[in-house]
């Protein structure tokens, strides 16, 4: 089928749902933050460590008497029973006292991410320096200061803005999906057999239970949508610059915090991975261009109706 004209794109009418973050949503988000950041208060009683306590420890790990990289730490707050350390580690600190030196012997799991440690028995020499217990955070100006804000008024405003950003992003993501579905229905385009086969392989790899017939049906639709986007971009001179790609990549990897520079270097040293990221950004830009040329009707709904619509 021929590539749709701008006039034909304008004939595609879609509804974009939107809402405003409610006071109850803001309250719930702040309460979740408080639950995730409890206050730690010293255990005043002289007693052994219990499950649920936070033991402040120094530790040094070794295998066959040789220390290994990343196996040591100082003043580490370890919640006993959280399962955040190697299985069997935390249990050996329960019923031990502040000031004790505990030799924790545990095997690394067979599937441990560091292959040189996987399956090996390790000895961790741990010193229990203090015991603390969690206490529900008090939601006040002091709590807000933990997040770099001067007051709860400022924090509530920031949380509301963050929730609104999430709402807007979810609304746009749903609109993007619905635009692609509408285009596939109204302007079907046949994709090359080899592209469809590649899509089938990817689908089967991610879902082995998917039948060949269903996988081919989904693959044909996805490939058709991809071809249509590619042809629309070509016909309407939609392009993405190297600067746009790098800006998007830097924004994406910021979520990884201190590891962001290493991830950026990885992409820069691997042209194939960078190419895949570029293709994804190009697709996003083309869909955004398509949306700009369709007829979009915005509809304000309640937060409850919005959540329900986003899950459907």
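The values are calculated or read from the model by the stated rules, or taken from the named source; none is laboratory data. The model shown is predicted, which means the values in this text are computed figures rather than measured ones. Here the Cβ positions follow ideal geometry from the backbone for every residue, glycine too, while neighbour counts run over all protein chains shown.
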ask   = With (1) surrounded by fewer than 16 Cβ atoms within 10 Å (Cβ to Cβ); (2) over 26 Å from the mean Cα position of the chain (by Cα) as the list, and residue 305 as the residue in question, which single condition is left unmet?
value = (2)
ask   = When you go through (1) within 33 Å of the chain's Cα centre (by Cα); (2) surrounded by fewer than 17 Cβ atoms within 10 Å (Cβ to Cβ); (3) in contact (Cβ under 8 Å) with a residue 60 or more places away in the chain one by one for residue 11, which number turns out not to apply?
value = (1)
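Residues that are more than 21 Å from residue 284 (Cβ to Cβ), under 26 Å from the mean Cα position of the chain (by Cα) and loosely packed, with under 12 Cβ neighbours inside 10 Å: does region 140-152 have at least one?
Taking every residue of region 140-152 in turn, at least one turns out to be more than 21 Å from residue 284 (Cβ to Cβ), under 26 Å from the mean Cα position of the chain (by Cα) and loosely packed, with under 12 Cβ neighbours inside 10 Å.
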task = With the checklist (1) surrounded by 15 or more Cβ atoms within 10 Å (Cβ to Cβ); (2) touching a residue at least 24 places away in the same chain (Cβ under 8 Å); (3) part of a helix (DSSP H, G or I) in hand, flag the one item residue 168 doesn't pass.
result = (1)
message = Going residue by residue through region 267-280, is there one that turns out to be in contact (Cβ under 8 Å) with a residue 40 or more places away in the chain and outside any helix (DSSP H, G or I)?
response = no
Qualifying position, being part of a loop (DSSP other than H, G, I, E, B), exposed (fewer than 15 other Cβ atoms within 10 Å of the Cβ) and modelled with pLDDT of 95 or more, among 103, 97 = 97
task = Determine if region 292-302 includes at least one residue that is under 23 Å from residue 12 (Cα atoms), in the same structural domain as residue 173 (by TED's automatic domain parsing) and without any contact (Cβ under 8 Å) to a residue 60 or more places away in the chain.
result = yes
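State whether the residues of region 78-92 include one that is out of contact with any helix residue (DSSP H, G or I) (no Cβ under 9 Å at 6 or more places or on another chain), surrounded by 11 or more Cβ atoms within 10 Å (Cβ to Cβ) and either over 19 Å from residue 51 (Cβ atoms) or touching a residue at least 40 places away in the same chain (Cβ under 8 Å) (or both). I'd like the intermediate steps shown before the answer.
Keep residues of region 78-92 that are out of contact with any helix residue (DSSP H, G or I) (no Cβ under 9 Å at 6 or more places or on another chain), which gives 85-92.
With surrounded by 11 or more Cβ atoms within 10 Å (Cβ to Cβ) added as a condition, the list becomes 85-92.
Then drop every residue that is not either over 19 Å from residue 51 (Cβ atoms) or touching a residue at least 40 places away in the same chain (Cβ under 8 Å) (or both), which leaves none.
Within region 78-92, not a single residue is out of contact with any helix residue (DSSP H, G or I) (no Cβ under 9 Å at 6 or more places or on another chain), surrounded by 11 or more Cβ atoms within 10 Å (Cβ to Cβ) and either over 19 Å from residue 51 (Cβ atoms) or touching a residue at least 40 places away in the same chain (Cβ under 8 Å) (or both).
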ask   = Does residue 218 meet the test of being closer than 21 Å to residue 285 by Cβ and either in contact (Cβ under 8 Å) with a residue 12 or more places away in the chain or outside the structural domain of residue 183 (by TED's automatic domain parsing) (or both)?
value = no
request  = Would you mind telling me which numbered condition in (1) within 24 Å of the chain's Cα centre (by Cα); (2) closer than 30 Å to residue 10 by Cβ; (3) surrounded by fewer than 18 Cβ atoms within 10 Å (Cβ to Cβ) residue 192 fails?
outcome  = (1)
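Checking the structure you have, find out if any residue of region 293-305 is in a helix (DSSP H, G or I), closer than 29 Å to residue 187 by Cα and at pLDDT 95 or above.
Yes, because at least one residue in region 293-305 is in a helix (DSSP H, G or I), closer than 29 Å to residue 187 by Cα and at pLDDT 95 or above.
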Residue 122 being within 30 Å of residue 155 (Cβ to Cβ), modelled with pLDDT of 95 or more and either in the same structural domain as residue 55 (by TED's automatic domain parsing) or not in a strand (DSSP E or B) (or both) = no
